[in-house]
Amino acid sequence: MMSSLHENVLRQFNKASDLMGLDANVRKCLATTENEIVIHFHVKFADGRIEVFTGYRVQHNNTLGPYKGGLRYHPKVELDEVRALATWMTWKSALVDIPYGGAKGGIQIDPAQYSQDEIQRITRRFAHDLAPFIGPERDIPAPDVNTTAQMMAWIYDTYKEMGHENCLGVVTGKPLVVGGSAGREKATGQGIVFLIEEWAKDNKLDLAKSTYFLQGFGNVGSWAARIMKRSGAKLLAVEDASGAIACKKGIDAEALRTYADGNKGFIKGFPGTKVITHEEFLATKADIFIPAAMESQITAKTAPLLSVKLVAEGANGPTDTDGDAILTERGIALLPDILCNSGGVVVSYFEWLQNKHSESWDLEDVDAKLKKKLLAAYGRVKDTAAKHKTDWRTASYIEALSRLEDAYKARGFFP
Ligand code: NAD
């Protein structure tokens, strides 16, 4: 039976907690979310019609700092999913050692059905109703699936118009002219590549001669692919919501981005490639698979199909616990989501710092700081995996949970 995404997170959490012997009281606190906000809000469109939408914001934990996490616009957004995604954000921030807690939100909507003007009205109305719960020192949203820098600018503008001063840090992932950071748009993809390069060095894989395939060609996937191109690695197949394509000679990520931009964002029909099925896509023989689309892709059913050395998780939660067990059994290495895709939240943190100090860092500076943070986290996870003789996901959890446990113990429990 399919279990819920949040149950999956709890299984990961319980495995790591048992292995490290996490303090029982800290365990109780971290096993649950702190606040779950559900907002049913109406929007009046230009033609006079009214529609009612459901938006969510789940705040999992703020022991280490303000709640932090993306906003997703997708028809499948619901409370259980947002709860899981919020919880992963707490682990992620703790793992990479940035002063944030975890949150996530979203609206249950298919954005493709609405015009830009309508999306703006929906975003502003949601931001208005969410305003009492967010803020630069309280909870800081960012882009996620189907949300963009433009939408972050609308949220900031709405929040500011409501009378908040000095509030650039209320959202991250903003456009550069509205207090965004150099390198934020590509940050998640860039981080994935820094970590793959490190793993390749450790495992004597020559990236210039390597092959990989990629699921998801949005912000995370397409940036990862464009940056991977510089290493010489060959992209054999890509899948997005429109289907999967493959080419033995390799797919040019830059050309595919340009093509998709002119094709409503979709890769379908890219010249020189053939259409393949989802199963054929997953069975692509390559060195690396980067899932960078949606959750629960690598499961008991699909994990046996994979024929790779490394899974580098760009998406949040692409592998469930059954999938994990099969990957471990088959000797397939894993860069787990809370480590592998943490580049986005790290550069969000840099953006927030720049906003606080009215600074603007250059791209080289941002990239160098990002690399340092990620490689430090990679080193800690590697050492913890060796020390506890465990897989890298569990080791990442142990790292994150240890930091949270120390903070709880140092602060004590307010009665
Ligand atoms: P996006 O909206 O920019 O792109 C999503 C991509 O996934 C699109 O190419 C879409 O066509 C594809 N897709 C959707 N459903 C699919 C399906 N069933 N099969 C195959 N492809 C499918 O979103 P994004 O920001 O790139 O986020 C992708 C993943 O990365 C999500 O799990 C998100 O939570 C995670 N993530 C994003 C960031 C960030 O900074 N944007 C940071 C960390 C993690």
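Points worth noting:
- Set I192, I196: member being crowded, with 18+ Cβ neighbours inside 10 Å and either out of contact with any Asp or Glu (no Cβ under 9 Å at 6 or more places or on another chain) or at positive phi (or both): I196
- Taking the criterion of being outside any strand (DSSP E or B) and of a type in the set (G, A, S), the residues of the stretch 36-79 that qualify are A46, G48, G65.
- Of residues in the stretch 71-125 being within 13 Å of the ligand (Cβ to nearest atom) and among the charged types (D, E, K, R), the one surrounded by the most Cβ atoms within 10 Å (Cβ to Cβ): K104
For (1) of a type in the set (D, E, K, R); (2) outside any helix (DSSP H, G or I), each residue gets a yes or a no:
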{"site": "L370", "(1), (2)": "no, no"}
{"site": "K373", "(1), (2)": "yes, no"}
{"site": "A377", "(1), (2)": "no, no"}
{"site": "R380", "(1), (2)": "yes, no"}
{"site": "T384", "(1), (2)": "no, no"}
{"site": "Y397", "(1), (2)": "no, no"}
{"site": "E405", "(1), (2)": "yes, no"}
{"site": "F414", "(1), (2)": "no, yes"}
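- Single match in D97, D80, D23, D110 (criterion: more than 30 Å from E405 (Cα to Cα) and of a type in the set (D, E, K, R)): D110
- Residue list for the stretch 188-240, filter: polar (S, T, N, Q) and away from the ligand (no atom under 12 Å from the Cβ): N203, S210, T211, S231
- Residue pairs whose Cβ atoms lie under 8 Å apart, sitting 6 or more positions apart in sequence or on different chains, and linking a residue in the stretch 121-133 that is assigned by TED's automatic domain parsing to the domain that holds G105 to a partner that is modelled with pLDDT of 95 or more and among the charged types (D, E, K, R), are R121/K44; R124/D157; L130/R57; F133/R57; F133/D139.
- Selection within the stretch 239-248 - touching a strand residue (DSSP E or B) at 6+ places or on another chain (Cβ under 8 Å) and of a type outside the set (D, E): G243, A244, I245, A246, C247, K248
- Selection from the stretch 202-244 of residues that are within 18 Å of the chain's Cα centre (by Cα) and of a type in the set (S, T, N, Q): Q215, N219, S222
- Count of the stretch 241-264 residues which are away from the ligand (no atom under 14 Å from the Cβ), of a type outside the set (S, T, N, Q) and either modelled with pLDDT under 95 or in a helix (DSSP H, G or I) (or both): 2
- Residue check for E295: surrounded by 17 or more Cβ atoms within 10 Å (Cβ to Cβ), of a type in the set (D, E) and touching a residue at least 40 places away in the same chain (Cβ under 8 Å): yes
The values are calculated or read from the model by the stated rules, or taken from the named source; none is laboratory data. As the structure is a prediction and not an experimental result, all values here were calculated from the model. Neighbour counts are summed over all protein chains in view; Cβ atoms, including those assigned to glycine, are modelled from backbone coordinates with ideal geometry.
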